Amino acid sequence: MPRPISVRIDPSALAHNFAQVSHRAQQAYAGHGLVPPRFWAVIKANAYGHGIAPAVHAFQAADGLAMLDLHEAIQCREQGWTKPLLLLEGIFSAADAELAAHYGLTIVVHTAEQLQWLQHSKLSQPLPAFIKLNTGMQRLGFDASDFATAFQQAKALQQQATLGDLGVMTHFARADEDPSTTQQQMAHFNQYAAPHSSWQSVGNSAATLNTDFPQWLQPNVQYWLRPGICLYGSSPFIDLPAETLHLQPAQTLEAELIAVQHLKAGDQVGYGHTFTATQSMRLGVVACGYADGYPRHAPNGTPVVVGGIRTQLVGRVSMDMLTVDLSAIPHAQVGTKVVLWGHGGPSVDEVAQASGTLGYELLCAVAPRVPRFVLAEENHEK
Ligand SMILES: *Cc1c(COP(=O)(O)O)cnc(C)c1O
């Protein structure tokens, strides 16, 4: 028998989350008299650890899918996705342009080198492209002073049928926590990028879910929003749990107890003896460790559900195991189910917060050695 640990992916939760998020944004945009937004469902990093294939099927209602890796885009085409696919970092070499054209991809152009590679390309079909403005994140995008020139060069490439439709794009640095920064970034975008095209892409999950965001947008613009994390049932906001946004967990990491220890007062647990029993207690040993993607920094007290009852981690997480307090769970024994996060367990955001990280990192990091099961789509048992 394989080690008793698995990760379960629920496509119905992915589909539910997309419907929830898109409905919320549609309402907010209608309330501000804006054009109904369209949606790139972001599926980079193997769909935030959920797998490309289930994501492609669950996000059928999206207008397009966005990712970084060419091979993930190709997988989408192989799964039968015929709508747009966006390479969020564009091409990494001249040769990528031909492949992108072959698979009918849309690209981001964010740097002068990419324009040069495109100048030397003879493509089977023009590539639709978003020209990206750096509005203050200082990561990808042309600065305001270079943007008009870059857009002119893109137009020249459009004339020679290397590029197709041209849009404009930016990315927000603090949409999850500081509206005034987003407002400034949007003002910058409206000034320098928006005049070039009414096909515009802004907005990660935090901006998509923020119902105040549309007040900084312009009428008669076709916005393509780019939600990622919220589609996977994790909240982009530190103070707003996913369930208050009506999001459902789509990834459940579960394992079993493989041993039970009986401690007496004073016994110390695990590497570094970071937990000391204050009274006699039962301790469960779970078949999940940091080599499975569970965060090693999860401290004593991190929530976990054992046999349907919420309890806590005690002692340091080791490579293949972690240990939990069974004081309140007398029925727990070898073979009892443990939910580390997801459906029937703590939320991934709770575990992340306890461990000083984000749901993003945990969802993406489940190790390849953990067997993955995709639930049947009709499974609506919640
Ligand atoms: C990852 C990413 C997104 C999605 O961000 P979330 O916070 O997961 O919603 C959107 N746009 C770009 C450019 C990204 O890289």
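Among the residues making up the range 227-282, those that are closer than 30 Å to C364 by Cα, free of Cβ contacts under 8 Å to residues at least 60 places away in the same chain and in a loop (DSSP other than H, G, I, E, B) are D239, L240, G270, T274. Among the conditions (1) closer than 30 Å to Q185 by Cβ; (2) more than 12 Å from the ligand (Cβ to nearest atom); (3) touching a residue at least 12 places away in the same chain (Cβ under 8 Å), the only one that P36 does not satisfy is (3). Tell me yes or no: at least one residue of the range 131-147 is on the phi > 0 side of the Ramachandran plot and within 13 Å of the ligand (Cβ to nearest atom). Looking for residues that are on the phi > 0 side of the Ramachandran plot and within 13 Å of the ligand (Cβ to nearest atom), one finds at least one in the range 131-147, hence yes.
If only residues of the range 203-236 that are within 9 Å of the ligand (Cβ to nearest atom) and of a type in the set (V, I, T) are counted, the one that is farthest from A15 (Cα to Cα) is T208.
Of everything in the range 163-191 that's among the hydroxyl-bearing types (S, T, Y) and either within 12 Å of the ligand (Cβ to nearest atom) or surrounded by 22 or more Cβ atoms within 10 Å (Cβ to Cβ) (or both), which residue is farthest from G228 (Cα to Cα)? Applying the filter and picking the extreme gives T182.
Taking the criterion of being farther than 20 Å from T252 by Cβ and touching a Lys or Arg at 6+ places or on another chain (Cβ under 7 Å), the residues of the range 1-48 that qualify are W40, V42. Of the residues screened, G315 is one that is over 24 Å from the mean Cα position of the chain (by Cα), within 14 Å of C288 (Cα to Cα) and of a type in the set (G, A, S).
So, A101, is that one assigned to a strand (DSSP E or B) and on the phi < 0 side of the Ramachandran plot or not? No. Here A250 meets each of (1) within 16 Å of the ligand (Cβ to nearest atom); (2) surrounded by fewer than 18 Cβ atoms within 10 Å (Cβ to Cβ) with one exception, condition (2). Inside the range 35-85, can you point out the residues that are among the hydrophobic types (A, V, I, L, M, F, W, C), farther than 18 Å from T208 by Cα and over 13 Å from the mean Cα position of the chain (by Cα)? Hits for the range 35-85 are A53, V56, A58, L70, A73, I74, C76, W81, L85.
Might you let me know whether the range 260-274 holds any residue that is surrounded by fewer than 19 Cβ atoms within 10 Å (Cβ to Cβ), closer than 28 Å to S6 by Cβ and of a type in the set (A, V, I, L, M, F, W, C)? Yes, the range 260-274 contains a residue that is surrounded by fewer than 19 Cβ atoms within 10 Å (Cβ to Cβ), closer than 28 Å to S6 by Cβ and of a type in the set (A, V, I, L, M, F, W, C). For the range 80-98, a residue qualifies if it is farther than 17 Å from A47 by Cα and outside any loop (DSSP other than H, G, I, E, B), and the qualifying residues are A94, A95, D96, A97, E98. For L70, the conditions (1) under 24 Å from A365 (Cα atoms); (2) within 14 Å of the ligand (Cβ to nearest atom) all hold with the exception of (2). Looking at K155, K83, just one residue is away from the ligand (no atom under 16 Å from the Cβ), of a type outside the set (S, T, Y) and either touching a Ser or Thr at 6+ places or on another chain (Cβ under 6 Å) or under 23 Å from A55 (Cβ atoms) (or both), and that residue is K83.
Every residue, every condition in (1) over 20 Å from V168 (Cα atoms); (2) of a type in the set (V, I, T); (3) touching a strand residue (DSSP E or B) at 6+ places or on another chain (Cβ under 7 Å), yes or no:
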{"site": "A45", "(1), (2), (3)": "yes, no, no"}
{"site": "I52", "(1), (2), (3)": "yes, yes, no"}
{"site": "E78", "(1), (2), (3)": "yes, no, no"}
{"site": "P84", "(1), (2), (3)": "no, no, yes"}
{"site": "L88", "(1), (2), (3)": "no, no, yes"}
{"site": "Y103", "(1), (2), (3)": "yes, no, no"}
{"site": "T106", "(1), (2), (3)": "no, yes, yes"}
{"site": "Q116", "(1), (2), (3)": "no, no, no"}
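Laboratory data are not the source of any read-out in this text; all were calculated from the coordinates shown. All of these numbers come straight from a predicted model, not from anything done at the bench. For neighbour counting, all protein chains shown are included, and Cβ atoms are generated from backbone atoms with ideal geometry for every residue, glycine included.
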